[in-house]
Amino acid sequence: MKINDVILRTVVKGVVFIILTLGVYLFFSGHNAPGGGFIGGLVLGSGIVLLYITYDLETVHRKMPFDFKKVAGLGVLLATGSAIGAIFFDAPFLSQTDAYFTFPVIGEKHLTTVTIFEAGVALTVIGTLVTIILSISEDE
Amino acid sequence: MNNLLVLPLIIPIITAVILVFLREQVILQRIISIVTMVFISIISFLLLNTVQTEGILRLDFSGWLPPFGILFVGDSFSIILVLTASIITSICLLYAFSTIGDRHEKMFFYPFVLFLIAGVNGSFLTGDIFNLFVCFEVMLLASYVLVALGGRKKQLRESLKYVLINVVASWMFLIALAFLYGTVKTLNMAHIAVRVAEAGQDPLLTTVAILFLVVFSLKAGLLLFFWLPGSYSVPPTVVQALFAALLTKVGIYALIRTFTLMFPLNQDVTHTIIGVMAGITLIAGCMGALAGRDIYTIATYNVIIGVGFILIGLAVGTEASLTGAIYYLIHDMLAKALLFLLVGMVFFVSGESIVKKMNGLIQNYPLFGWIYFLVMLALAGIPPLSGFMGKVLIGQGAIETGSYVLLALSFASSIIVLYSLLRIFLASFFGESTISFEDRKPIPKGAYLAFVLLAISIVYVGVGAESIAIYVKDAARTLMNPSIYIDAILKG
């Protein structure tokens, strides 16, 4: 049975961009302000799940051909990799560092290794969240 | 600061994730996982020797000093257990290569074993009680998967019970943590010990301690072991061996750490309760082992007897009995792993798990039969083997403090252990075989290798008890004098 969900589809087209933007914003505001990889990942993941609910699996898969289990794996690798990176600089495990860099157009920016760690967390959360939802829904 | 300390946790996690990407390359998965575990064993051996020369090791994550940050602490006790656990996992992996089957290997069996060992090692090494909770969860989540992997009806039934009981236990763990944090305002174990000592462990803190006792007893199978026989007898053999060797031991480790470091002051209450619980565990475990008709039941109840026995060492609480408890813990991990591997192999070659329905196994598999005989003697505590030192020292401690009831129970349980295992030996291994030597089902070479390596370790721990005595004695000394541990954390 095909339900008439034209309103849902139209709204989602706009809303999903707002959700994804919010997710990215939360992700980058982390480590100094409320936000971070976990929350950013949850918001991004919920945006993706919303796409899956609105459109069917095939359509979304065509545009985002990722195996979300592997996304989660990649996330864990990134997070643990940035954590053990400190060992090679003879600093305690999980140590992070930061510095200010000046770029040609955008000016001075604050770059941190925490961002790599947070990116790992975010990817893990997105991967796990979407995998859980997809495997529940595939059961039918 | 010693970054080596975190490797037993982080290396298995990283390799496990890499193995996820190598799902189809089974041979590569095997090589990577065994190399990882051997590497971790070597690292923990190096750490153990470093502890002897430099004292307790500490690693403050990203440089946050205790009590503010999370840290890993390596004293002899925890690193001995990490070393034993890593060696056992390496040997169990050897057994898994030839027995677990393609289906398991492609369903992420090796990654989950590595996650399990990461959780186990993390629980042994952490110096922060909330971190202990997290590592418990890592270990439990991996174990949920390993129980259910394979998807037989019996497995799913038992895994449901296993998950439920552990979720309840974890929930109680969180409540206990909340109470503890609410009373002493810290989660660092050494700092908790200081705060509890300052407050003199009043009745409120003792109640919190008892809540922890209940939680860890559920995990260790001390008295609250009703979930254990079912869920330990359904997964594949190698998973059973890993569970029997590692999971309850993490609970025992947590109990010993909690009641020697954090809440040692009100021993009249806490240690008496532990003693009573350990005694009842022994009696109930013995009844189960005697009543068991099939080999799995007998083996799982032997795990419970082992738990009761080790915790008598804690209940008595002298330096001798704790030394004995550590010796027995090492022995029990090795011997229970071997026992479960052997029992699984008996089922594999005979297709039968009821003791009386098999006979004459030793005629077709002489080495296999004698290794079973060896592990039986070791579990009963016959002198040159590994169980002996532990039993003698726990007995010595019990006599020193006049706990004659516990003494009698513990030694009576040894006889029951011997009897229950001898029954399998006489009925299933001795006698005339109905299958001729030519028609026998061959035992894989990898399995034999695992048996022999574990048997050698058991003999080594028994005969070479003197060579590991420096490590064990140092561990017991630290447990008896928590101030050594506390000073290493808070004054270093």
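Could you give the angle, 0 to 90 degrees to the nearest 10, between helix B:404-424's Cα long axis and the longest principal axis of the Cα atoms of chain B? Helix B:404-424 sits at roughly 20 degrees to that axis. For the stretch A:6-137, divide the Cα radius of gyration by the Kirkwood radius and give the resulting Rg/Rh value with two decimals. Radius of gyration relative to Kirkwood radius: 1.05.
Relative contact order of the stretch A:6-137: 30 percent, from C-alpha pairs under 8 Å at least 6 residues apart in sequence. Each label was represented as a point 7 Å from its Cα along the Cα-to-Cβ direction; for residue B:62 and residue A:28 these points are 2.1 nm apart. Our estimate of slack between residue B:408 and residue B:4, defined as 0.36 nm per intervening residue step minus the Cα-Cα distance, is 141.1 nm.
In percent, rounded to a whole number, the relative contact order of chain B is 17, using alpha-carbon pairs under 8 Å and six or more apart.
Kindly express, to the nearest 10 degrees and within the range 0 to 90, the angle between helix B:267-291's C-alpha long axis and the longest C-alpha principal axis of chain B. Around 10 degrees separate the two axes. Sorting the segments B:280-293, B:436-449, B:4-17, B:83-96 by their mean number of nearby beta carbons within 10 angstrom, highest to lowest, gives B:83-96, B:4-17, B:280-293, B:436-449. Exposure proxy shown here: for B:400, A:118, the number of other Cβ atoms within 10 Å sets the order, fewest to most, as B:400, A:118.
Taking 0.36 nm per residue of separation and subtracting the Cα-Cα distance, full extension of the segment from residue A:89 to residue A:10 would add 23.3 nm. Sequence-ordered 3J(HN,Hα) estimates for the stretch B:119-130 from the Karplus curve with 6.51, -1.76 and 1.60 and θ = phi - 60° stand at x, 5, 4, x, 4, 5, 8, 6, x, 10, 6, 6 Hz, glycine and proline given as x. Between residue A:38 and residue B:449, the distance separating the two model label sites (each 7 Å from Cα on the Cα→Cβ line) works out to 4.2 nm. With the largest listed first and rounded to whole Å, the semi-axes of the equivalent ellipsoid of the protein assembly as shown from the Cα gyration tensor are 43, 32, 22. Axis angle, to the nearest 10 degrees, between helix A:6-29 and the longest C-alpha principal axis of chain A: 10 degrees. Put simply, when B:331-340, B:199-208, B:294-303, A:42-51 are sorted by average Cβ atoms within 10 angstrom per residue, most first, you get B:331-340, B:294-303, A:42-51, B:199-208. Note on chain B: along the principal axes its Cα atoms extend 71, 55, 43 Å, ordered by decreasing extent. Peptides B:108-114, A:102-108, B:32-38 ranked from most to least packed, by the mean per-residue count of other Cβ atoms within 10 Å: B:108-114, B:32-38, A:102-108. The stretch B:136-169 and the stretch B:426-491 have Cα centres separated by 26 Å.
Each of residue A:99 and residue B:106 was given a label point 7 Å from its Cα along the Cα-to-Cβ line. The distance between the two points is 4.8 nm. Across peptide B:18-26, the mean count of Cβ atoms from other chains lying within 10 Å of each residue's own Cβ comes to 2. With helices as the sole contributors, chain B gives -25000 deg cm²/dmol at 222 nm; each DSSP H run of n ≥ 4 counts as -39500 (n - 2.57), and the sum is divided by every residue. Using C-alpha pairs under 8 Å with a sequence gap of at least 6, the mean separation divided by the residue count of the stretch B:246-342 gives a relative contact order of 29 percent.
Near residue B:47: Cβ cut-off under 14 Å, other residues only, Lys/Arg at +1 and Asp/Glu at -1. The net charge is -2. Counting neighbouring beta carbons within 10 Å and listing from fewest to most, the residues B:152, B:423 come out as B:152, B:423. For the stretch B:233-279, the Cα gyration tensor yields ellipsoid semi-axes of 30, 12, 5 Å (square root of five times each eigenvalue, largest first, whole Å).
Evaluated at 4 °C with a viscosity of 1.567 mPa s, what Stokes-Einstein diffusion coefficient in µm²/s does the stretch B:280-417 have when Rh comes from the Kirkwood expression over alpha-carbon pairs? In µm²/s, the coefficient rounds to 84. Here A:110, A:31, B:104 are placed in order of increasing Cβ neighbour count within 10 Å, fewest first, which gives A:110, A:31, B:104.
Just so you know, all these numbers are worked out from the coordinates, no wet-lab data involved. What you see is a predicted model, and the numbers here were worked out from it, not measured in a lab. We place every Cβ from the backbone using ideal geometry, glycine too, and count neighbours over all the protein chains shown.
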